[in-house]
Structure formats: structure tokens, C-alpha cells
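The structure appears below as C-alpha cells.
The values are calculated or read from the model by the stated rules, or taken from the named source; none is laboratory data. Keep in mind it's a predicted model, so treat the numbers as computed, not measured. Heads up, the Cβs are rebuilt from the backbone with ideal geometry, glycines too, and the neighbour counts pull from every protein chain shown. These area figures cover heavy atoms from the full protein model, side chains too; ligands, DNA and RNA do not enter into them. Shrake-Rupley method; radii C 1.70, N 1.55, O 1.52, S 1.80 Å.
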Amino acid sequence: MSRIDVMKTYKLYINGAFPRGESGRVYEVKDSKGKFLGNPCQASRKDLREAVVSARAAQAGWVYSTAYLRGQILYRVAEMMESRKSEFIDVIVASEGKSVSAATNEVSAAIDMWVWYAGWSDKISTIAGSTNQVSGPFYNFTIPEAIGVVAIFASEKSPLLSLVSAVGGVLASGNTCIVIAAEKSPLAAIVLAEVVATSDVPNGVVNILTGKSSELVPWVGSHMDIDAVDVSGLSKKQESEVRIAGADNLKRIHRFTEMQSAQRVLAFVENKTVWHPIGV
Amino acid sequence: MTKFEYSPAPESTSIVDIKSEYGLFINGKFEPAKGNKSFETINPATGKPLARIAYATNADVDKAVNSATEAYKKIWSKMPASERGKYLYRIARILQERAREFAVLETMDNGKPIRETRDVDIPLAAGHFFYHAGWADKLDFAGLGNSPKPHGVVGQIIPWNFPLLMLSWKVAPALATGNTVVLKPAETTSLTALLFAEVCQQAGLPAGVVNIVTGDGSTGAYLVNHPGIQKIAFTGSTEVGKGIARAIAGSGKALTLELGGKGANIIYEDAAMDEAVEGIISGIFFNQGHVCCAGSRLLVQESVLDEVTTKLKSRMELIRIGDPLDKNTDLGAINSKAQLEKIHELANSGDQEGAQRWSPQCELPTDGFWFKPTIFSGVAQSHRIAQEEIFGPVLSILTFRTPQEAVEKANNTPYGLSAGIWSDKGSKILWTAQRLKAGVVWTNSFNKFDPASPFGGYKESGWGREGGRHGLSAYVKVVK
């Protein structure tokens, strides 16, 4: 008799833990042939709020750690992902119906993208900052700083790659985040959560929710403690919804067309200019 | 401190030639509004009318946008960047040549002291054009992304607190990056914008590159929602800024916002006290406190509260309030009746909520709009005067014990525009500067501005920066 597989219970990832959704709701995910794959959680507004609390609490620790350390931690995520490459490929093949070679390419690209973003962490102020030649006896400089808490909607097109491309960028610049995984294919995101959990990423820096993005869009838009949103994974209509609700606290809202892009690192920063007098 | 008495030293107004009526500036020419609608602009220091200003109708705004679009397509986008830059240099030079005229006119229309228009507003406005002129043909080196491109037609709405200076913050980078402009000045302060239109004519700027439509909030709203505009730049209140963000959601228009603030000015116990007191004064009483980045919340370390308060009061006794055209005047008129009422309302809330009000003994002129320099002590974090932007010469004094508490209190506001830090210890200054959620931090100084220095806010103080390399990015498109 063949062995019975141990199936995985897919859960949310909030503050370094894997809780079930507070509402107790799940939704069924099947493979391309209709075979049952899992019952991921359908995150609620309250789960989102928990995730924001966790991301906010993790902000100071993450942003005031050294950029060198952040770079090493992002690189560590690549190391952990490499060692679990086959699991990612299996999940993508099963849940997205892609060929093994296509899935392999996507996972390899995702790992390499972590490496690319890891190298950004300590170069941001060199690239995006400045010292400014003001007309007076002042040392004047501008430094890009993390905006704070960023919500990210992953895209259905390439759920894993779109997620890594967004998360890598916002983490490199010192932000913490809440990710809403692709609704139809959330499983790779949950495997990624397991990788993040074992990669020295401090608790709360990355939080991953699964569920119906249409249900979470208005709550992300109106949450007053979310500072910015990456809407690349949303429709134009949903983006407008986030923009209208997000005006309440003037969220910084960005959409990106390229996966691996310096803009993704540099968009979620706030520039601070400091004037200091020169004199004896 | 001794208060010296000075004889009146009013600046002559003979240098300005104020017309009885002003038209709109569209396609390089002045023209009346459709149906000859107009409104009055007054001198807030006397309450007397200065001129009538054309009130742009929707059809006038359409015409201005159309003129900007044609100028963009046919002339401005085709012109070599180096030639574009030369027009900006010309404008900068003409502003310098006519600086005295602009300073007097600005003081008459706005109510701010001639000392400030002469030494700050106008020189900085010219400086902005000169600085951005040089960027026009160097944008590829600005690190803005791959091959930055202009948006096209930019709609710009500016406030009444620094009329010509805010115009220059908007128009100079827009033109340098290759956009054309439709600008709407504030209702109460249109005159220097219209004089600037003459400067554009003198500079030979191609018709339609800069268009100026005067009017009120509804004119601005129509401009914002105009389909012919690709980018909007707004400076004004947070409430209006949020409204613009909602109105254009989904339109694909780019938007930058410079909005309100409630800046913390942090005085550590080891600060050089006399200098710090000067910084407090310039932080809140510069431009009658009509400054979005004003240091309107004073955070004083508890151990030096008495010393700071005593010195501050004694310094405030020396503030000269009165005729803005007098060269010795420190504090001019409040810009409008509406603004004066708002300041009274918030100051009264300070009394009602239990803070203690103090102002020096001083005579206020009988005509026009005036408010005494005022401080409130015993202010709690929850008081309206600690949370809301007053936009007047009113300072709220709060205290702290540790640097951590100072940062916590400074950041406890939805705004994030400016902050000041006064201390003799460099490492403490930088630690504090690092943790403040504010776009501009002045250390051992306050209210310094420069075209090369990016300015703008965190959180609800706005989107984007103006000035410096960072300010250019608001006016270009790059691949994301």
C-alpha cells in the first residue's frame, strides 16, 4: 500500500507566527485538473489590522538596524529559498499549471531577485540622497528614509515573482510590509512565509495574508496606519478604490510595470533634508 | 533688553504702478475674463482696495489649457533644452532687476513686512529660476531614471503666504523640465503673479508656455479636473490636498502636494539659549506665522523651561508690529479677514481648553487685519492648539524630559513637514534628526530655504519635494 502524504495546513503569517485567520474562514485551492490542494485562510479585516500592528511594531527595529545587516538578511532569504527550491517548483506546477521548466525559471529568478535587492540596502542613500550646495554657511544634506508600513498586492500573473519583486524592494529600503498574496494561487506565498520565518527576518517585518483581495482592498485603502501601497497586483478600478480611500492619510501609492526595478527600491522612501550651520 | 525707538521708515510705493484692473494672462497676452467678471484685491494692512482682478470662468481656463497644450506641442517640447534654460536665466535676471518693485507690490498685496519680501521672497524667487535654468540641459545627469520626459501641461495652484516665491517653486522646475504651465494664484494675492506675466513678456518667453488664470477655489477645482492637464502641483491646506487626491484618483494624472504642518521646535537644555530664542522667534513669527513649516509647537526640556520662557517673553517685547512697508517692521498684517478669524478661533480654543495665553504690550493698527504675537504655555498634547495648524503668530509651548520623549511628542501629529533641534551636542542632534518624521529638519537654525535644498513633507504634509535634484522628479516621467 502506498504511503499517505502528510498534507499541509496553509496558514497566515503574522508577526513571525502562523495563525489561522480569526474569522475561521478558508477557501479551497485546486490544481489545474481540479484536484484539491489546500484550504488557505481567507483573511479578514481584523487579520489585516493585526498584520499592520505587527508591521508597525517591527518598523523601528528594522529601519534602525544597519543597512549591511538588512542586506545580509535579504541574502539569507535567497539562501533559504535555494535550499527549498524543489518545494516552490512543485507548488507552482501544481497550483498554477505551469510546466516544470517554466516553474524552475520563475523560482530561479525569484531567488536571484532576493540577491539583487540584498545588494541595494546599503547603496540607497548614495544613489538617491544628496548634499546640497545652499547659498549660506550650512551643511545641507538629503537622505532617503523608509516610509514605514507598506501594503503590497501580489499579482495573479506570476504570484511568486511579483511578490518577491515587491517585497525585496520595500525591505531593502527599511520598510516593513503586509503582503496580500495572489488570490487564486496563494500557496507559493505561504511557502515563502516559511522561508522568511527561517531567514533571520525579524518578526513582523514581513506579514503575509491570503484571501480575497477584493474584500481587503477597501480596508487597506482606509487603514490610517498603512503609509504606502504597492498596487501593481490590482486592477485599475481597485487601484482607484485604494487611491480614494487612501487620500484620508495621503498614502503613497505606486504601480510598477517592471519586475526587477530600482524604482521599486526608491519609490517607498521619504526624503529628509537636514540643515546644519557651519561655524566656529 | 532695551527697546530702541525708531522714526517711521516707510518704503516708497512710487516704484509700483498698480493698474485699476488686471486681466488673465493667456497665450502671452492679457485679456479680460469672459463676461468681464472680476473680484477685488485689498491691502490687508489698510483694508483698502488695490485693484480688480479678472475672475476666470471655465471657458477661460479651457482657453489657458489649450494655449499651454499648443505651446507644449509646437514650441516648448521641440526646443533644445539649453535654449529652454536660457529663458529661465532671463527670467531670473529680470526678477533681480525688478526686485524692489516686486518686493513693494508683494508687501502691499500680502501684508508681510518689506524686510522679508526684500530679503527673502524676491531674492529666493529669482534664485529658483537661476538654479533651475541650469538643470534644463542636465536632466540626464540628475539620476531621475532612464530618459526623463516632461508630463506636458502642468496645472499649478499656489497659496497666499509666499505668492511670488511659491510661483517660482512651481514654475521654474516645470519649465526647466520641459512642461508648460497653467498657474492659478491665490485669490487674495494675485498681483505679483500678474507682474510676473509681464516678466515673461519681457523675457520673450514663447506665448502659451506660462498662462496665469486668476480666481478662487472653484477656478482651481476646475483646473484640477481639466482633462487637458497631465500633472498637478498644489500648495495649500491638507484638507484641499486630500480632496484633490480623491478627485484625480484613476485619472492617471501625476500629483505633488505641499500641505500643512505643525512643526516641532525642540530646545534641549544644552542649547545656546540666546540663539535658540532667536530661532523660536523666527520659527513662529516669520511671515506672521503664515508658514506651513512654522515651528508652531515649542518643545522645551523641562529643566530650562523657565529660562526659555523668560527670555522668549523679553525678546517678544521687542517685536515691532505695524506698517509692513516700514523697513523696521518685524510683524506685518494677517493676510485676510477669514484667516484672522481662524486664528482667533483657534487661539480662543487654547483659552477654553486651559492653556495660558501671553502677548507683549503692543498697539495694533486700527485698520486692516492684525494679531499680536502670542504664546500659550501649559499646552497639553490633546489641545487643539497642539494638534491643528493655526497659520498665525501663535506658539504652543510643551515640555519634555528625555530625548525619547521629545521625539515621541514631535512625531505625535498627522503632519510631518518641518522640525527644529537646538543643542550643543552633535551626536544628539543627529540622533534626533534621524528619528523625526519630518521632511525638513533645521538644526540650530530655523526657516532656512534654498533652491538647491529639497523641501516637502512626510505623512499628511504632502507628496513629493520641491527644490534640489529631488524636486525635479515631480515634473518628469520615468519608466517604473
message: Tally up the residues in the stretch B:1-17 that are under 25 Å from the mean Cα position of the chain (by Cα) and either buried (at least 17 other Cβ atoms within 10 Å of the Cβ) or of a type in the set (Gly, Ala, Ser) (or both), please.
response: 2
task: Output yes when any residue across the stretch A:253-260 is in a helix (DSSP H, G or I), open to solvent by 20 Å² or more (accessible area, probe 1.4 Å) and either more than 8 Å from chain B (Cβ to nearest Cβ) or closer than 28 Å to A:Thr210 by Cβ (or both), and no when none is.
output: no
- request: Determine whether B:Gly295 is closer than 16 Å to B:Glu389 by Cα and either modelled with pLDDT under 95 or out of contact with any His (no Cβ under 6 Å at 6 or more places or on another chain) (or both).
  value: yes
query: If only one of A:Leu209, A:Leu266, A:Leu192, A:Leu163 is aliphatic (A, V, I, L, M), more than 14 Å from every other protein chain (Cβ to nearest Cβ), farther than 16 Å from A:Leu48 by Cα and in contact (Cβ under 8 Å) with a residue 60 or more places away in the chain, which one is it?
result: A:Leu192
task: Scan the stretch B:206-230 for residues that are open to solvent by less than 10 Å² (accessible area, probe 1.4 Å) and out of contact with any Gly (no Cβ under 7 Å at 6 or more places or on another chain) and jot them down.
output: B:Val209, B:Val210, B:Asn211, B:Ile212, B:Val213, B:Thr214, B:Gly215, B:Thr219, B:Gly220
statement: Here, strands (runs of 3 or more DSSP E) confined to the stretch B:23-112 with at least 2 residues that are under 21 Å from B:Asn335 (Cβ atoms) and within 24 Å of the chain's Cα centre (by Cα) are B:38-42, B:49-54
- line: the stretch B:367-480: helices (runs of 4 or more DSSP H) wholly inside it with 1 or more residues that are more than 16 Å from the chain's Cα centre (by Cα) and facing another protein chain (nearest Cβ under 8 Å) are B:426-435, B:468-472
- request: Filter the stretch A:121-157 down to residues that are at the interface with chain B (Cβ under 9 Å from one of its Cβ atoms), in contact (Cβ under 8 Å) with a residue 40 or more places away in the chain and more than 30 Å from the chain's Cα centre (by Cα), then give me how many there are.
  value: 4
field: Residue that is farthest from the other protein chains (Cβ to nearest Cβ), among those in the stretch A:223-237 that are surrounded by fewer than 19 Cβ atoms within 10 Å (Cβ to Cβ) and not small (Gly, Ala, Ser)
entry: A:Asp225
- request: Scan the stretch B:340-369 residue by residue and report those that are over 16 Å from B:Leu395 (Cα atoms) and either open to solvent by less than 30 Å² (accessible area, probe 1.4 Å) or small (Gly, Ala, Ser) (or both).
  value: B:Gly368
- line: Checked A:Ser101, A:Ser125 against criteria (part of a helix (DSSP H, G or I), open to solvent by 50 Å² or more (accessible area, probe 1.4 Å) and in contact with a strand residue (DSSP E or B) (Cβ under 8 Å, 6 or more places away or on another chain)); the one match is A:Ser125
query: Filter the stretch B:334-366 for residues that are in contact with a Phe, Trp or Tyr (Cβ under 8 Å, 6 or more places away or on another chain) and part of a loop (DSSP other than H, G, I, E, B); which is nearest to B:Asn110 (Cα to Cα)?
result: B:Asn335
